[in-house]
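Worksheet: the structure to be examined is printed underneath.
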Amino acid sequence: MWPGGLGFGKPFTRPAFPQWDRESVERFDAIVVGAGPAGSAAALTLARKGFSTLLVERGRAPGVKGMFGGRIYAWPLVDLLPEWAKDCPVERFVVRENLAFLTEDASLTVSFDSPKLAQGRGTSFTALRSKFDAWLAKKAQDAGAMLVTGIRVDDLWREGGRVRGVSVAPNDHVAADLVVLAEGAASTLVRKAGLKADMEPREVSVGIKETVELPPETIQDRFGLGEREGAAFVYAGYASMGLRGGGFLYTNKASVSLGLVVSSEDLSRKKIEVQDLQTKFRMHPAVQRLLRGGKVVEYSAHLVPELGAGMMPHLSADGVLVVGDAAGFLINNGYTFRGVDLAIASGVAAGEAAEAARTAGGMTKANLAAYEKFLRARNVLTDLERFRRAPLYMKNERLFEVYPRMLMEIAERMYTVDGSGKERLFDVVLDEASAAKVPKLKMLLDLLQGARSM
Amino acid sequence: MTDGHVLEDKSHFRGVWVFLEHRKQGLRDVSVQLIGEGRRLADLRAATLTGVLLGNGVDDLAKHAIGYGLDRVIVINDPILEIYRSRPYAQVMAQLIRRHKPEIVLYGASKNGRDLGGRLHAILETGLAADCVKFDIDAEGNLDMIRPSFGGKSLAHILCKKHRPQMASVRRNVFVAPPHDPKRTGEVVPETVELRPSDVDATLVDFHEFTKEGGLRPEEAEVVVSGGYGLGDPEHFAMLQELADLLGGAIAASRKAVDSGWVPKMLQVGQTGMTVRPNLYLAVGISGAVQHLAGMQESKKIVVINIDPKAPLFEIADYGIVGDLFEVVPEMIRQLKALKGGATGARTAVPATAR
Amino acid sequence: MTAGEEASRPMRVIVCIKQVPRAQELQVDPVTQTLKRVGVPSEINPPDANALEMALRLKDEHAAEVIVLSMGPTSFDESLERAVAMGADRSVLLTDRILGGSDTVPTAYALSETIQKIGGYDLLLCGEETTDASTGHVGPGIAGHLDLPQITYASEIRIEDGKVRARRTAEDGTEWWQTTMPCLCTVNFGCNRPREPTLTGKIRVERGGLVTHWSCADVGIDPKKVGLFNSPTIVAKVDTVKLPRRAGRIFSGEPEETVRKLLDALIADRVIAL
């Protein structure tokens, strides 16, 4: 059709490229795949321990592909980088914690204020991943790790039944004795390494987040905060429209992170679009009161692994360790979201495990099993196991619809003074319990179960 | 092998030259078009308009060329120059220019023209402005060479104030061909230039000419149906080809469609592609970036089909349809077929449902 | 080198590239009326990327050595690093303040001098033109300076019996040209799909030493032949383009109706005949 047979529209076939020079395959002691908090913490630790380390990130910069609720618990940084507070890109230090229950138009909020929240090891702060991840990756570079961005590792490089490194393309391999998988929730390498069965919907939640721009002064006024102070909210009940999950709100310097984590199984079962859910949440009067006039400037959605400790992948194999979200190190127990701190701690533990394995003679599965020991020492596994009931508990539907509604009704009756005769609180509670048609025994059990898992 | 950079007095340089590119015993369109513009500039400068023709046995062609408005033609006949080759052509032109000192030299911005101009301007260490769309003479007598810049958003005025000759290239169809007057008289000046076999370092070993079956070229067609980013897929160009066939025209494309890899670059209309001046330019799914306009704005009638009523191209449209091209184009094909289908071509032959 | 060494040394290909603002992101600085280059997303000039891909294929097939050359500010390192990460062996950036404002004549001269300093080259490749200036002059200009055979708009290059064979798509047909080396070819935009950088390539870049900076003094370039004031052409003035508006009849509605109205109008105007 075209002059000269230029043949447009024909599929492009790559010519076969020979491996130019086998001897020139690059090699490192350790390769960390993914420069999120887990990966960078692992690379930093490995580099400090004298491993030649390569940190490979698929985004064009660390943090471009990361997503989280918005708050980081600082305790692992305190050990890893004692001077962290000097140059860490903190948005605001959290000084107030809030737990809110919502119905269609009403809200009940419990607020906890304490200066202790922003002191010492218990400090937490709000952050933006693009800045935080870049900062932590730079620390890893300063310690001697090499950072390469814009490359997606496709598979582990295996030869003779052993992991020899990573592979990006048939003729693009890099050799290493140890590969640390820090790819995040949608990790493909963990599966390719045979370390995790494909996730069932039951195990996966969807996290959705909007960044709402507001001037810092407005944020400080509305939330009653000082210049570097921040607030954190957890929302239960209507926020997720009866779906299992919860909402969150974190104040950044000049924006607010607002989002939801909901069961993906419930989403598909009830055929709800997650963006609609988020919009409804944002438009709730209690939320609007705080965000009025703000502009939504960013939107992201991400998978959140919700594996209880009983469902975790195997964490190590010959020449392989798994850290961070890729390992399912996430806690969502109904009143707190934790991921980044566990990721960092697991990265450090992986570095320690590598050192132990090196001393023991090599990166074998047996030697790397020390990883579990180090995870326990940092309470990563401990916390996960303690909250292992949480996913199951979180699947208790009553928590998301019935009980919030009950609480709201109780609150409404308590606070309405209209001359129709005031009741006693206890009677109100019993009355509402009957109205909710939940047998008292079941309520008691739920209460106990909830208390145990918290 | 370049000139020293001691600049000679500008007043020694006089005359407007047009490099005449030829193929198959005829002049290229762009060379003819440049003779017309060259005539205008030569008259403004009260100078001679000279054509330069290199080839083998091209004396008749030289005589013919005068009819377009040249005062004279310098001809070099040599077997080495039979076909265009960069090195010998550049060496000959350099010698001629040093010998005769023209003030202005114009080239068609064809593949060979750019090949030659680029090499020559470095040898002569003088200015060359590419793809000019307009010329003026400024107050000091310099050639004001006007070309699009910054992706077509602006027009830049290029001056070559101190160096001579001032050289410029122009794409096909930017200027209109002058009429040919067979009775026009002028001088054919044969010249010789030193050429050795070692000057020939590149051999043409094969040549496949494009045939008309390869598709009507947009630059020659009276109707052009041009597709843009809105088509979304290379396969949809087949639909445009069908429409073009019905209208007896050629298809073309915008830069975005070319950059997306849907069609070859040779179909691109625009500042860095072709300039076309058909009777009808039908733009389908093209928003109308300024660079595209530069390539088609001289079309007699412009018709724009786009789903976005705010598409800039509508501003220079004679007619337009705001609608989904995937509905409009098939409908056009359908109605055209129906109109053609009637043996007498009578409108009444169209079935009632088409109305 | 002895004749034997001469014959067995790998072919050296030098590719000239330029870093340009990404096509969709062309921004004009309102003060200087020049293209904004700093702080704007940039890329390797796409036709130069095609030239580089061509060189890398010669490296695949003939174990050629590929050196990438550019002239510009140090921000061009980004493109040179990308070229090395794609597989080039090393790169040179000719960077010097006195080069600022050079048009194609000093650019061709400066690059030619730098190429001669690198030396030992068999094939020079560049893209057919740049997406920001679109002159296409520098490649042929270099060939003129170095008095090399040149083949422009090459869409395919083969090395056979120590000669270069290039397929050239001209207006009238496809030509196959043959020439001896050293020679220069400019490469047809879009004739191949440039490969992505590899992890191995990026690691090599990070290890360092593969991007060299040379100043004009390093190369021996005459300052009186480069820069804004030694360029034959200048931009005297820039006008914004005015759209030639036409009084258009725009139809909207059902396709059947709008198409009918359009065809009626075009037939009445005698623009189409049936």
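Nothing in this text is a laboratory measurement; each read-out follows from the coordinates by a stated rule. Note that the structure is predicted; figures quoted are calculated from it, not measured. In this analysis, Cβ positions are derived from the backbone assuming ideal geometry, glycine residues included, and neighbour counts consider all displayed protein chains.
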Starting from the Kirkwood radius over alpha-carbon pairs of the range B:133-267, derive D by Stokes-Einstein at 10 °C in a medium of 1.306 mPa s and give it in µm² s⁻¹.
79
Those Cys residues of the protein assembly as shown for which no other cysteine Cβ falls under 4.7 Å:
A:C88, B:C132, B:C160, C:C183, C:C185, C:C191, C:C216
Net charge around B:P179, counting only other residues with Cβ within less than 15 Å of its Cβ (Lys, Arg = +1; Asp, Glu = -1)?
+1
Name the most mobile residue of B:P278, B:P148, B:P264, meaning the one with the largest mean-square fluctuation, in a Gaussian network model of chain B with Cα contacts below 10 Å.
B:P264
Over the range C:124-274, with a single point scatterer placed on each C-alpha, what log10 of the ratio I(q)/I(0) does the Debye formula yield at q = 0.14, 0.16, 0.18, 0.21 1/Å?
-0.99, -1.11, -1.22, -1.30
Spread of Cα-to-Cα distances over 10 Å intervals beginning at zero, given as percent, for the range C:169-210:
18, 29, 28, 20, 6
Taking N as its residue count, the alpha carbon Rg of the protein assembly as shown over 2.2 N^0.38 Å
1.15
Once every Cα of the range B:189-321 carries one equal point scatterer and solvent is ignored, give the base-10 log of I(q)/I(0) from the Debye formula at q = 0.10, 0.14, 0.17 Å⁻¹, two decimals.
-0.39, -0.61, -0.81
How high is the FRET efficiency between C:D147 and A:K138 when r is their beta carbon distance and R₀ equals 41 Å, given to the nearest 0.05?
0.25
The percentage of Cα-Cα pairs in the range B:91-159 separated by more than 14 Å is 64
In chain C, once you exclude exposed trypsin sites (Lys or Arg not before Pro) (DSSP loop, at most 13 other Cβ within 10 angstrom), what's the longest stretch remaining?
C:23-241
Given axes a ≥ b ≥ c from the Cα gyration tensor, I'd like to know whether chain B is rounded (a/c under 1.5), prolate (a/b larger than b/c) or oblate.
prolate
Computed Kirkwood radius, in angstrom, where 1/r is averaged over Cα pairs of the range C:31-136:
14.8
Identify all aspartates and glutamates with a Cα-Cα distance to B:K10 below 13 Å; exclude those on the same chain that are fewer than 8 residues away in sequence.
B:E103, B:E140
Taking N as the residue count of chain C, its alpha carbon Rg divided by 2.2 N^0.38 Å gives 1.23
If you project the alpha carbons of the range B:9-117 onto the principal axes, what extent comes out on each, in Å, largest first?
35, 29, 23
With Cβ to Cβ distances under 10 Å as the rule, what net charge do the other residues near C:I17 carry (K, R +1; D, E -1)?
+1
Over the Cα atoms of the range A:130-178, each weighted equally, I'd like the Debye log10 I(q)/I(0) at q = 0.23 Å⁻¹, rounded to two decimals.
-0.88
Please report, in Å, the Rg and the Dmax of the range C:121-191, where both are computed over Cα atoms only.
11.7, 37
The range B:160-222 shape via C-alpha gyration tensor axes, a/c threshold 1.5
oblate
More than 15 Å apart: what percent of Cα pairs in the range C:193-274 qualify?
81
Once you list every other residue whose beta carbon is under 12 Å from the beta carbon of A:A357, what net charge do they have if Lys and Arg are +1 and Asp and Glu are -1?
-1
Per residue and in cubic angstrom, what volume does the convex hull of the Cα atoms of the range A:90-133 have?
100
CD proxy at 222 nm, helix term only [per DSSP H run n ≥ 4: -39500 (n - 2.57); per residue of the protein assembly as shown; nearest 500]:
-9000 deg cm²/dmol
Counting other Cβ atoms within 10 Å, which GluC sites (Glu not before Pro) in the range B:7-76 have at most 15 and lie in a DSSP loop?
B:E8
Over the protein assembly as shown, what is the percentage of antiparallel beta bridges among all DSSP beta bridges, to the nearest 5?
50
At a Förster distance of 22 Å, what's the computed FRET efficiency of B:V176 paired with B:L44, Cβ-Cβ distance as r, to 0.05?
0.80
Just tell me which lysines come within less than 16 Å, Cα to Cα, of C:K237; anything on the same chain fewer than 8 places away is out.
B:K134, B:K153, B:K161
Stokes-Einstein D in µm²/s, Kirkwood radius over Cα pairs - the range A:87-198 at 25 °C with 0.890 mPa s viscosity
133
